[in-house]
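The values are calculated or read from the model by the stated rules, or taken from the named source; none is laboratory data. In this text, all values refer to a predicted model and were calculated from it rather than measured experimentally. Glycine gets a Cβ as well: all are built from the backbone with ideal geometry, and neighbour counts include every protein chain shown. To get the accessible areas, we keep the full protein, side chains included, count just its heavy atoms, and leave off ligands, DNA and RNA. Shrake-Rupley method; radii C 1.70, N 1.55, O 1.52, S 1.80 Å.
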Amino acid sequence: MINALRQKRIVLGISGGVAAYKGAELTRRIRERGARVRVVMTRAAYQFIGPLTLQALSGQPVRTDLFDVNAEAGMGHIELARWADAVIIAPASADVMGKLAHGLADDLLTTVCLATSAPLLIAPAMNQQMWLAAATQANVALLRQRGVEILGPASGEQACGEVGPGRMLEVDRLIEGLNARFVNDALAGLKVLVTAGPTREAIDPVRYLSNRSSGKMGYAIARASAEAGAAVTLISGPSNLTAPETVRCIAVTTAREMAEAVSRELDGTNIFIAAAAVTDYRSATVGEQKLKRGDEPLTLTLVPNPDILATVAAQARRPFTVGFAAETEQLAVNARAKLEKKGVDMIAANDVSLPAQGFESDDNNLSVFWPQGERILPCAPKEKLARQLVALIAERYHAHARHPA
Ligand code: C5P
């Protein structure tokens with residue numbers, strides 16, 4: 001299975017139990033997979049493992065109290081709940097499970113669980129009699145019903161000397177379970193082509209025209225498409241980002257190189273997602289030598305670059321085509337106009353006039369339009385937003401494939 005943990009944000013909850021010491025190994029292993037971890041401990045967990053160990057291994061402050069003024073000033077509990085792509089509690093005591101099943105929130109861990117929309121995974125660890133107790137089993141059933149994933153427990157010899165179900169699953173299995181939460185088959189068997197980043201148009205050997213695109217959104221979409229089972233090719237303009245190892249990446253510089261690469265790769269593509277911020281114009285001439293500075297005004301003649309998205313959308317046998325629209329005003333009107341003008345199947349629009357969203361930032365918001373509908377994906381980290389967008393694209397792609405226009 002592909003490593004889907006890279007760049008994920010994991011809240012690891014550790015509650016009281018002998019298996020709490022395995023939280024150290026779990027933290028290390030989750031980070032090894034490229035994810036970020038923030039550890040939240042219950043008071044009882046302190047009896048079994050020291051917070052300093054987990055702080056050192058996670059590289060982040062470990063938190064316990066809900067009403068910790070200093071910690072709340074850094075990242076509030078609601079922020080932490082929003083930050084998480086997944087919450088895993090390992091080990092989960094009978095007490096924590098009871099609290100979660102009944103919606104109690106009297107410490108940081110249970111509050112974060114209640115306040116998050118991220119998937120919750122629980123690795124129970126307790127004495128076998130406690131696990132088999134009717135109350136625990138009723139709580140487990142309730143939590144499962146609400147979509148909480150229960151990992152384990154395993155059976156075997158217990159710390160208390162008894163034998164039976166209640167041992168926490170091994171760290172390997174927990175990592176597998178966590179990884180699997182980020183993998184789905186919404187795009188299984190499909191070929192997805194993504195453009196990302198800016199393009200760069202030379203004026204002379206040292207100067208160029210470009211824009212502020214970082215490539216974050218496009219790279220996150222490529223990764224999320226691969227996690228949804230697609231074979232992904234990413235065509236990227238100059239970007240500082242490292243291409244996900246789950247996708248095939250083709251590096252280009254100019255709009256024309258990007259257009260050529262897209263046309264070469266298009267055959268057999270089921271879904272084309274144009275997330276690149278293509279430089280609309282290039283200089284008509286490119287100086288062979290560095291242009292000299294002078295006192296007179298300098299006029300550059302700009303000629304339009306090919307519209308890659310519109311070219312793909314105009315083809316007779318074309319993939320399901322998704323474009324982006326960065327707008328500074330009248331978002332819905334402009335996005336709908338672009339949907340029609342370019343003849344694409346879907347437009348994901350964002351308001352780049354809002355502070356701390358859009359081009360270089362880690363967060364974004366999207367309003368997605370297609371001929372018969374629209375959906376708003378509220379402000380979230382780009383990786384999370386990309387997964388939501390890919391899920392929506394998959395939904396529309398399959399609806400489209402069943403009812404061709
Ligand atoms: O028309 P506008 O540039 O706002 O459209 C943005 C959308 O079109 C984006 O999806 C972008 O990747 C795509 N585009 C393109 N080729 C261009 C300009 C934009 O593919 N030359």
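Considering helices alone, the calculated mean residue ellipticity of the chain at 222 nm is -10000 deg cm²/dmol, with DSSP H runs of length four and up weighted by -39500 (n - 2.57) and normalised per residue.
The lysine pair count for the chain, using Cα distances under 12 Å and pairs eight or more places apart or on different chains, is 4. Prolate is the label for the range 32-159. Its Cα gyration tensor axes, ordered a ≥ b ≥ c, give a/c of at least 1.5 and a/b above b/c. Rounded, prolate or oblate, given the Cα gyration tensor of the chain, with a/c below 1.5 counting as rounded? Since a/c reaches 1.5 and a/b is larger than b/c, the shape of the chain is classed as prolate. Only beta bridges with both residues in the range 191-402 are counted; by DSSP, about 40 percent of them are antiparallel. Peptide packing: for 271-279, 212-220, 246-254, 192-200, the average count of neighbouring Cβ atoms within 10 Å per residue gives the ranking 192-200, 271-279, 212-220, 246-254, highest mean first.
Each Lys and Arg contributes +1 and each Asp and Glu -1, all at the Cβ; summed about the Cα centre of the range 191-402, the dipole is approximately 400 debye. Normalising the average separation of contacting C-alpha pairs (under 8 angstrom, six or more residues apart) by the number of residues puts the relative contact order of the range 9-180 at 22 percent.
Other residues within the sphere of radius under 13 Å centred on the Cβ of Gly373, judged by their own Cβ, net out at 0 (K and R +1, D and E -1). Probing with 1.4 Å while keeping every protein chain in the model, the per residue accessible area of the chain equals 48 Å². For the range 296-348, GluC sites (Glu not before Pro) are listed when DSSP marks them as loop and at most 15 other Cβ atoms sit within 10 Å of their Cβ; the list is Glu329.
Per-residue packing, averaged as other Cβ atoms within 10 Å, sorts the ranges 83-94, 64-75 into the order 83-94, 64-75, beginning with the highest. Can you work out the Karplus-derived ³J(HN,Hα) for every residue in the range 55-63? Use 6.51 cos²θ - 1.76 cosθ + 1.60 with θ = phi - 60°, whole Hz, and x for glycine or proline. Residue by residue, the range 55-63 yields 5, 5, 6, 8, x, 9, x, 8, 10 Hz.
Split the accessible area of the chain by element, probe 1.4 Å, and carbon with sulfur accounts for 51%.
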